[in-house]
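Structure first, then comments.
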Amino acid sequence: MAELVLPYSRRCNYFFLYDGSKVRGESDQTREGICYFYPEETPLDRQELLCGQLAGAGRCVSELSSSPVRILNLHRNRFAIRMEDDLLWALGCSVEVPTVSVCELLDQLINLFCFYNGSVRHSYQLNSQETLASRWAQYLSHLQSGSSELQHIFSCLTTIDSTNVDPLLLLKAALILQACQRCPLVLAGCIIFRGRVVSTQMSPQLTMKLMVHESGTYTKPQRPNGQSSSFGSAVSSTAVFLTPSELQYLQSTPVDKDFSSHSTPHKNTPLKKTRLSRTLSDTPSSTESEPSDPGSSQSPQKLLSPHLSESSVYSSDPSQSTPNPPPPQPPEPPLSNGKHSSVEESLEESYYHSFHSNGEGGSQIDNGGDSSAFGENSHLNGGGVDGACGEEFNFRVAEESHDNKVSEEVSGRGCGRVQGHEVERPDPPRSDAFEHPGESPLIPMTLYLHRVKGLVLALLVEPHFLSDKASMEEVYHSSLASLNGLEAHLRSVSPGVPGAPGPYIFAHFDCIQSTLTSNLSGRPGGAPERPFVRATSLLHSHFCNTETLQEAIIRSAGAAVYGTRSVAQETYFQQHGGLLRNSGIPNHQDSAFSLPGKARHRLLKHGVNLL
Amino acid sequence: MKCLLISSQSAEVLFHWTDPEFYQNVQAQYVSSQEDGHGLPAFEDSISTLFAPIIISCITMVDRLGDSYTSFTTENNHIYVLHQFDECLYIAVNGDGEEGEGDLRRKIYVMKKMIEVMFGMVTLSSNLLKRELRPQDTEQRARLWEHLQSLLETYSHLRENDQSFLVEAVERLIHPTLCEQCIEFLERRLVQQLNSSVERAGEEVLHAFILVHTKLLAFYSSRNASTLSTSDLLALIIMSQNMYPSNTDQDDPNPEDIESTSGSGPESFYTPEPSPTDMDSRSSADMPVRESTPLFEFVDPDVQMAEDSLHTLEVPPPDPSTPRRVFLEVSLKDGLFPMMPHSMYCLPLWPGITLVLLTKIPTSAVAMSVYTFLEAFAKLEKRLNEGQEGPAATRGQPTIHDIRSKLDKFIKALGASEIQSAQLQNVWTDFKNRIGRGGPGFNRELIHSCKNMKTQLCGVYRQCFLIESGTADSPRRLSPGLQERAQTMVQDKLMDWKDFLLVKSKRNITMVSYLEDFPGLIHFICVDRSTGQMIAPSLNITERNVSELGKGPLAQFIKSKVWSLVSTTRRYLQKGYSTVTLRDGDFYFCYFLWFENETGYKLEAGDIPVLPDDSAPIGMLAWDYYRKLLRYYSKNHQGEVVKCYELLTVHLGVIPTEVILQHCRQLASKLWEPSRNPLL
């Protein structure tokens, strides 16, 4: 095979920030304009060469076209460029990396910097270049770290393997976040375990930003006694900056702080008991039912594992090309934003009903059985039936708010699609890719972090939260025990035996949650996987650039890969073997053309519904 | 917003073409930067100033980083593609979204191909080529650029509207009986008669073909001629279209067509060969003018060759019987010779129908010798550059000793002719002295010497073939009378068919004949890459001519889908994918590339090389990708004739995939059968 096998040992070859305003006069040296250059060991004259030439040529092109340069290709490197006023960022990758991904990486990097430091100009006035250099380095290394090449292609969020974790733990994590949100100063939160998202209330883009800080500290040696309840050692905080749209988005999420009071009377006790009695011990019955009968088990799936259920909800309509959110069938989330209490009630009923009928089997186990896992719930809600009630409700809200986000994003992006129909859009379809942190005013917020060994609770809070001792203590104490419990459980989860390679490879990208499901081992540069990864990256770029494209099959001598996408997801599938007999002539018996059928069939058991 | 610029490394404009929008954009930038506003600089200077930073940065990057720009994209989707051939930097720009990066790169390569066809091996010496592309005389320069600009516009128009230029393969008129009759006529009557005439002045007709618009009615090659490559044939079709544009305007009042072809009417064509009669007087008369314009004048002492000869290319007279000098590839049993001189006679029969004659000129053997020497010096230079020691390098194949005596003889023969070869003689003597010497710095000096030899050889070649060498009273060409006779003969032959042919060329094959057998099929293109021919239902989208696709926006939409499908599949092919199916909106697209042996047996799919993004465009016009692909594939099929086919189909999306694939299979096996008559 004449193909170029390029292990992504380093995702980014060059990155620099160049400030043209410092190099104005004839006598000014290029090096004065270099704010940061990666790799830092690059000889200075080469740094100057790259910065000077790229900035010069970039400015010239920008003037000719009266628009900033976005992409600059060399024979061996592909640079994503961002120009704002006199500042120029350039991030160079190998030309093998698709343009979409390079641009996305640069946007992520700049957005990260602005999230933790505020506007670039301003932070360079406040801090020394060395301090900020170490930050750029930290963010770069975070973005390049560990994850597989597939994850780089989609720039997706690293989540815990939801198929391997008890869904109740995910629920529990969501509940912890709900509880914290009852403090009015808490905007939203996210729980991360060993660098992987367990549960989040924020958009994937915002969650990714939190991850940096988390993983940065996570890699440092752990405090021997992380559980120590000495308030200060496990808890830290840092200033962060949100863009207006991010803030608006968080605030628009209907977290109705006193919603519980009027919704509680509707609940009926036996059901609640059933609800609460779901414990770790009886999960097998419910998880078993998921793959075998995805249709009817949608609501419990939804209840137990948001990750899985999201995908199945959306994938139920693979041919969907309209930008509208999926049709509101009863167990599915309410779609419109804003108040919808009547809908909610009816939804709740069907919701409970389906849950009840489905979970009947092993659900009668007594409350006592789950003490270890759920004992601390009483802290949250005052215990007893009311507590359960509140929790019940809170969970609904969690679902609700989450779904609202989803639908919001769907419709938001959908609009973009419709409008940009005629125009090729090379820009990545990320909501915050279009923001220009240098221009828009950033709103200071605080990131509150509570660490329990490998587990981190990250909350976005109003800045005066830190001075509000009572709120802080409330949040701390209300979540402490739950976090300990969650950590203990997550820690005990065996790292999941990677399934036998199987006769096929797939990758399923959920564009809404920005998560990736794949049976591909994370090993870099696995030779048999290369064709799949290469095809996926090509197809993903094609999908990004062609709004109307729904499915594609492409075949080289060695591999045939099927890709399909809807508004909410992209799925890629490759079957091993069976290609040698093909001559490349059109032939309907060709195995490549049976890929769509096989993908639909095979991926069901991974929770991917392509029907 | 389109532009194509060729620049030297010192940011000197060697050629530029812009559309009106880009022109205005450049002027506007100049107005804003020049506040005093007294008089805008010449456009050429403005464009040079605006692009200079990019050009200089490009050169710096190559020098210091060994890497250089291939493209820029701005946020408002302006695309700049850059490519450097030797010392000439090509920059193509698009700011209206009509062309992608691939299209621009293709345009650059096509421009280079056209320059090669026009200037032959002179393109191998950057110094000479620079002078050729930028004549000192401004009037002459304007004329040359106008000609190149109109060629480029003709090409762009064809690429945007003609399927055969979309896929870069020749389309034949499907009418087997008439085709056969015509071929026979060309062979038995026309070519025989021409080649036995005394008025042919030593020229020999090698190829003769009849074009109806861009489609080939008949093609005949004489027995001792080598095959004409598809790349050259396509380039010749562009040239003939440029001379005699198909007046699609007559039945197609599409303003676009008028705009893009209006500048290339027959009255504005350009002939590089000067009239022998007034050559001397003009060249001396223009001397002072040239000296008074030392624009970026740069004289390399090594290139001080036969200075006078460089200035003889002067104002050409618009004599329609003067043939065009074209440089085409010739493959003989002793090897492949690129850029061999031919004369091209383009004889209009009726509007839209043209007879093209390609003749071998009597001195073409000189070109072969020059090419052999050039190749030898190039190889030696390469070995020296790779660090081989001088004496060892000279012993490589072919050895300098091999060519030594040949070159001595060659120079001696030149001395007897009217070609100025004193400079070549000097440089050769110097080279021979040097090679015997050795010592420190030997390699570097020898490399320098090699370069000099190459330049001098190109110079001799230029004198021989770019400048008319006949004497005043007996120009070396088929006599005007003979040309006229040829024209009349073919006219008589085709008189009754003329109107039929003009209609046929617009509706060569139509989808109607396929609808019954292939329900749901909207369009297809089938290409035989081994012969460089294609078949596709006509896609004429004009106001008055209604095709089966209907007219107006729907037909335009399908056309744009077909065009984008071709560029998409090329991108996948570039990355090694030979089968692509796409469900896009309401359509289902298929693309297949496969190999067969001579008997039609389907060969197994092989590896297709994976190429970088900035590699030469996939096609046959500028750079024959498929020839290389066939060579690559044939490595595993020694002793077998391998053929390569492509099929693209557009179906309605509602048709089940199995049916679509069955259609494709039937089309693939059926298409070439009924019309398997040897044409090329």
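In debye, nearest 20, what is the charge dipole magnitude of the range B:508-676 about its Cα centre with +1 on Lys and Arg Cβ and -1 on Asp and Glu Cβ, if you could check?
About 300 debye.
7 Å from Cα along Cα→Cβ at both A:Ser128 and B:Thr429: what's the point-to-point distance in nm?
Placing both labels 7 Å beyond Cα along the Cβ direction yields 7.2 nm.
May I have the convex hull volume per residue, in Å³, for the Cα set of the range B:2-161?
126
When A:Ser199, A:Ser541 are ordered from fewest to most other Cβ atoms inside 10 Å of their Cβ, what list results?
Ranking A:Ser199, A:Ser541 by Cβ neighbours within 10 Å, fewest first, gives A:Ser541, A:Ser199.
Determine, from the Cβ-Cβ distance of A:His75 and B:Tyr601 and an R0 of 45 Å, the FRET efficiency 1/(1 + (r/R0)^6), rounded to the nearest 0.05.
Once the sixth-power term is evaluated, E becomes 0.65.
Skipping prolines and chain starts, which residues have an amide H placed within reach, meaning under 5 Å, of the one on A:Ile585, given they are 5 or more residues away or on another chain?
So A:Ile585 has HN proximity to no qualifying residue.
What order do you get for A:Phe79, A:Phe593 when you list them from fewest to most C-beta neighbours inside 10 Å?
Placing the least packed residue first, the sequence is A:Phe593, A:Phe79.
Using θ = phi - 60° and the Karplus form 6.51 cos²θ - 1.76 cosθ + 1.60, what ³J(HN,Hα) does each residue of the range B:374-382 get, whole Hz, x for Gly and Pro?
4, 5, 4, 5, 5, 5, 4, 4, 5
Take every residue in peptide A:69-80, count the Cβ atoms of other chains within 10 Å of its Cβ, and give the average of those counts.
6
Structure shown: which of A:Lys605/B:Lys561; B:Lys107/B:Lys130; B:Lys112/B:Lys559; B:Lys360/B:Lys382; B:Lys130/B:Lys382 lie over 30 Å apart, alpha-carbon to alpha-carbon?
Too far apart for the 30 Å limit: A:Lys605/B:Lys561; B:Lys360/B:Lys382.
Can you give the mean number of other chain Cβ atoms that lie within 10 Å of the Cβ atoms in peptide B:587-596?
3
What list do you get for A:Ser27, A:Ser252 if you sort them by fewest beta carbons within 10 Å?
In order of increasing Cβ crowding within 10 Å: A:Ser27, A:Ser252.
Can you list residues whose amide H is under 5 Å from B:Met339's amide H, if they're 5+ apart or on another chain and H is modeled 1.01 Å from N?
Under 5 Å from the amide H of B:Met339: B:Leu328, B:Glu329, B:Val330.
Can you list residues whose amide H is under 5 Å from B:Arg172's amide H, if they're 5+ apart or on another chain and H is modeled 1.01 Å from N?
Under 5 Å from the amide H of B:Arg172: B:Leu216, B:Met534.
What is the distance, in nm, between label points placed 7 Å from the Cα along the Cα-to-Cβ direction at A:Asn164 and at B:Leu515?
Taking the simple label geometry, A:Asn164 and B:Leu515 are separated by 5.9 nm.
Counting residues in the range A:504-605 as N, plug N into 2.2 N^0.38 Å and put the Cα Rg over that result.
In units of the 2.2 N^0.38 Å rule of thumb, it is 1.05.
Please give the average number of partner chain Cβ atoms lying within 10 Å of the Cβ of each residue in B:52-62, rounded to a whole number.
Across the residues of B:52-62, the mean count of other-chain Cβ atoms within 10 Å is 4.
Assuming 0.36 nm per residue, please report the length gained on full extension of the stretch B:Ser196 to B:Lys628 beyond their Cα-Cα distance.
Between B:Ser196 and B:Lys628, full extension yields 151.7 nm more.
Shape of the range A:14-148 from its Cα gyration tensor (a ≥ b ≥ c, root eigenvalues): rounded if a/c is under 1.5, otherwise prolate when a/b > b/c, or oblate?
Cα axes put the range A:14-148 in the rounded bin.
If you plug each phi of the range B:520-528 into the Karplus form 6.51 cos²θ - 1.76 cosθ + 1.60 with θ = phi - 60°, what whole-Hz ³J(HN,Hα) values come out, in order, with x for Gly and Pro?
x, 7, 9, 6, 8, 9, 10, 10, 9
Need the full-extension length gain, B:Asp408 to B:Arg189, defined as separation in residues times 0.36 nm minus the C-alpha distance. One decimal, nm.
74.5 nm
When the Karplus curve 6.51 cos²θ - 1.76 cosθ + 1.60 is applied with θ = phi - 60°, which whole-Hz ³J(HN,Hα) does each residue of the range A:162-176 get, with x for Gly and Pro?
For the range A:162-176, the Karplus-derived couplings read 5, 6, 9, 9, 4, x, 5, 5, 5, 4, 4, 4, 4, 5, 4 Hz, x marking Gly and Pro.
Read-outs throughout are calculated quantities, based only on the coordinates presented, and are distinct from any laboratory measurement. These figures come from a predicted structure and were not determined experimentally. Methodologically, a virtual Cβ is constructed for each residue, glycine included, from the backbone with ideal geometry; neighbour enumeration extends over all protein chains shown.
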